[in-house]
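Some notes on the structure that comes next.
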Amino acid sequence: MPVFTLIFVLALLLTTTTRLWLAQRHLHHIQLNRNAVPQDFADRISLESHHKAADYTCSKTRLGIFHSLLDVALLLAFTLGGGIQALADFWQNMLGDDLWRGVLLIASVLVISSLLEMPLSLYRTFVIDARFGFNKMTFGLFLADMLKQALLLSVLGIPLLLGVLWLMAQMGEYWWLYVWLAWMGFNLLILTLYPTVIAPLFNKFTPLEDQVLASRIEALLQKCGFKSQGLFVMDGSKRSSHGNAYFSGLGSSKRIVFFDTLLSRLNHDEIEAVLAHELGHFKHRHVIKRIVSMFILSLAGLGLLGWLMPQEWFYHGLGVMTRGADTALLLFMLVSPVFTFLFHPLASLYSRKHEFEADRYAADNASGEALIQALVKLYNDNAATLTPDPLHSVFYDSHPPASQRVAHLRKLMAHN
């Protein structure tokens, strides 16, 4: 067995075992705490709601276990099982153009993976979410969304992939730097277009009609120095009963968006506090920091790919005999998560730091108590577990657990 094959198999075994172990820990911890609402929430969340959150989280976690095993099976089938090599041979016989052959090779893997994973998405939406009262989506809307996503991915992704493969083939030793510049430009373009071009393809956005609430929000925006292109309500209820609020876009395209489900559940003080939290991300430049972090990591990743691409052992160790820009890029996309999984806690820690900073900003500029009330309502309405396994949470959760956020806010309020 080639050395890199052994390294890959061992890394995959370690990653998969860790994922399954964390999932089992999570299930055990939730079940262990199922029959008692945490003390900080006992006066606001009923035991029945706590049971619902525990059962909903366990159902999603069990599905996640199956998804992890399917991902491993697909990865092994595409690499050591010869799937990529078979697809590369097929398109080699069908097409003479290297660029389009590479695009179709990568697209084939993505399409096959999506089709095989689709039953899990259907089960999550129409079985799990429906069982717990969250799904509002019809099967027709599910198919329409899938078609729109496929078309959007084709319109945006195919030109990008053609450009990337061309740069990899034509720009010499430092092609990865040119690809990185193109990748940065593409991402900034998508961030700019998303609020006004992409998001409306899937949801309807209408101006906020509640003038009292709008006046309060405008005063908060002025206080925080935030300029937006409007306050909008999104018809999230046509897909799910989950609620949220966010702002998106860059520069003059920034929009503030409320899910209609959120507006129906929270009072004005709570909505203002939730928005103040989101504005905290803006004020602390979290979005910019995350974009910069993503660009730094992508530069490092492309530099690593630039070193790997001429290495014969990289291809042969993963079951691929056909060397080229397309197979190198595809293998790197598929295999890199295996080697980076154990770094997840660092990303979660970075994200949680931002969440605590945004909570502090909300407490200083709106109402900490209102934010606590809003968080409790959202956890309750979304059936989010109040008792996640701590280690599972460290690996996967970008937001701190409910108990930590509430305790942090109360500590801030006590010091003010």
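In the set (1) loosely packed, with under 15 Cβ neighbours inside 10 Å; (2) modelled with pLDDT of 95 or more, the condition left unmet by Met321 is number (2). The residues in segment 253-291 that are among the basic types (Lys, Arg) and within 23 Å of Arg352 (Cβ to Cβ) can be counted, and the count is 4. If you filter segment 236-279 down to residues that are in a loop (DSSP other than H, G, I, E, B) and touching a Phe, Trp or Tyr at 6+ places or on another chain (Cβ under 8 Å), you find that the one that is farthest from Tyr361 (Cα to Cα) is Ser241.
For segment 41-93, residues that are among the small types (Gly, Ala, Ser) and either buried (at least 19 other Cβ atoms within 10 Å of the Cβ) or at positive phi (or both) total 5. Screening the candidates Lys223, Lys238 for the property of being surrounded by fewer than 16 Cβ atoms within 10 Å (Cβ to Cβ) and under 28 Å from Met146 (Cα atoms) yields one hit, Lys238.
Answer yes or no: is there a residue in segment 94-106 that is of a type outside the set (Asp, Glu), surrounded by 14 or more Cβ atoms within 10 Å (Cβ to Cβ) and not in a helix (DSSP H, G or I). Write out each step before concluding.
Here is the first cut: in segment 94-106, the residues of a type outside the set (Asp, Glu) are 94-96, 99-106.
Among the residues that remain, those that are also surrounded by 14 or more Cβ atoms within 10 Å (Cβ to Cβ) are: 95, 99-106.
Remaining after also requiring not in a helix (DSSP H, G or I): 95.
The answer is yes, given that some residue of segment 94-106 is of a type outside the set (Asp, Glu), surrounded by 14 or more Cβ atoms within 10 Å (Cβ to Cβ) and not in a helix (DSSP H, G or I).
Counting just the residues of segment 193-220 that are in a helix (DSSP H, G or I), more than 27 Å from the chain's Cα centre (by Cα) and not polar (S, T, N, Q), which one comes out farthest from Gly280 (Cα to Cα)? So the residue we want is Val212.
Let's see how each residue does on (1) of a type in the set (Ser, Thr, Tyr); (2) in contact (Cβ under 8 Å) with a residue 60 or more places away in the chain:
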site	(1), (2)
Ala358	no, yes
Asn365	no, yes
Gly368	no, yes
Leu375	no, no
Asn380	no, yes
Thr385	yes, yes
Asp389	no, yes
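If you filter segment 219-243 down to residues that are within 21 Å of Asp269 (Cβ to Cβ) and touching a Ser or Thr at 6+ places or on another chain (Cβ under 6 Å), you find that the one that is modelled with the highest pLDDT is Val233.
Please find, among Glu117, Glu173, the residue that is touching a His at 6+ places or on another chain (Cβ under 9 Å) and either part of a helix (DSSP H, G or I) or surrounded by fewer than 18 Cβ atoms within 10 Å (Cβ to Cβ) (or both). Talk me through it step by step, then tell me what you get.
On the way: Glu173 fails: touching a His at 6+ places or on another chain (Cβ under 9 Å).
From the options Glu117, Glu173, the qualifying one is Glu117.
Restricting to segment 4-20, count the residues that are under 22 Å from the mean Cα position of the chain (by Cα) and either under 12 Å from Thr61 (Cα atoms) or free of Cβ contacts under 8 Å to residues at least 24 places away in the same chain (or both). The number of residues fulfilling the criteria is 2.
Can you spot a residue in segment 140-161 that is under 16 Å from Ala328 (Cβ atoms) and crowded, with 17+ Cβ neighbours inside 10 Å? Spell out how you get there, then give the answer.
First, pick out the residues of segment 140-161 that are under 16 Å from Ala328 (Cβ atoms): 161.
Okay, now just the ones that are also crowded, with 17+ Cβ neighbours inside 10 Å, so 161.
So far as segment 140-161 goes, yes, one or more of its residues are under 16 Å from Ala328 (Cβ atoms) and crowded, with 17+ Cβ neighbours inside 10 Å.
With the structure loaded, tell me whether His277 is in contact with an Asp or Glu (Cβ under 8 Å, 6 or more places away or on another chain), over 23 Å from Lys136 (Cβ atoms) and either surrounded by 19 or more Cβ atoms within 10 Å (Cβ to Cβ) or at pLDDT below 85 (or both) or whether it fails that test. Outline the logic, then answer.
Values: in contact with an Asp or Glu (Cβ under 8 Å, 6 or more places away or on another chain): yes; over 23 Å from Lys136 (Cβ atoms): yes; either surrounded by 19 or more Cβ atoms within 10 Å (Cβ to Cβ) or at pLDDT below 85 (or both): yes.
Yes.
So, of the residues in segment 368-416 that are among the acidic types (Asp, Glu) and within 21 Å of His28 (Cα to Cα), which turns out to be nearest to the chain's Cα centre (by Cα)? The residue in question is Asp397.
All conditions but one from (1) farther than 30 Å from Leu220 by Cα; (2) buried (at least 18 other Cβ atoms within 10 Å of the Cβ) apply to Met333; the one that does not is (2). Scanning segment 400-413 for residues that are surrounded by 17 or more Cβ atoms within 10 Å (Cβ to Cβ) and under 20 Å from Ser49 (Cβ atoms) turns up Pro401, Ala402, Arg405, Val406.
Applying a threshold of 7 Å to beta carbon distances and a minimum spacing of six or more residues, or different chains, the list of pairs starting in segment 70-81 at a residue that is closer than 15 Å to Pro2 by Cβ and touching a residue at least 40 places away in the same chain (Cβ under 8 Å) and ending at one that is buried (at least 18 other Cβ atoms within 10 Å of the Cβ) and of a type in the set (Asp, Glu) is empty. Of Leu87, Leu105, Leu74, Leu69, which residue is at pLDDT 95 or above and in contact with a Phe, Trp or Tyr (Cβ under 6 Å, 6 or more places away or on another chain)? Testing whether each residue is at pLDDT 95 or above and in contact with a Phe, Trp or Tyr (Cβ under 6 Å, 6 or more places away or on another chain) leaves just Leu105. Among Ile271, Ile256, which is farther than 26 Å from Tyr350 by Cβ and either in contact with a strand residue (DSSP E or B) (Cβ under 8 Å, 6 or more places away or on another chain) or among the aromatic types (Phe, Trp, Tyr) (or both)? None of the other options fit; the residue is Ile271.
The values are calculated or read from the model by the stated rules, or taken from the named source; none is laboratory data. These numbers were taken from a predicted model, which means no experiment stands behind them. Positions of Cβ are backbone-derived with ideal geometry, glycine not excepted, and every protein chain shown enters the neighbour counts.
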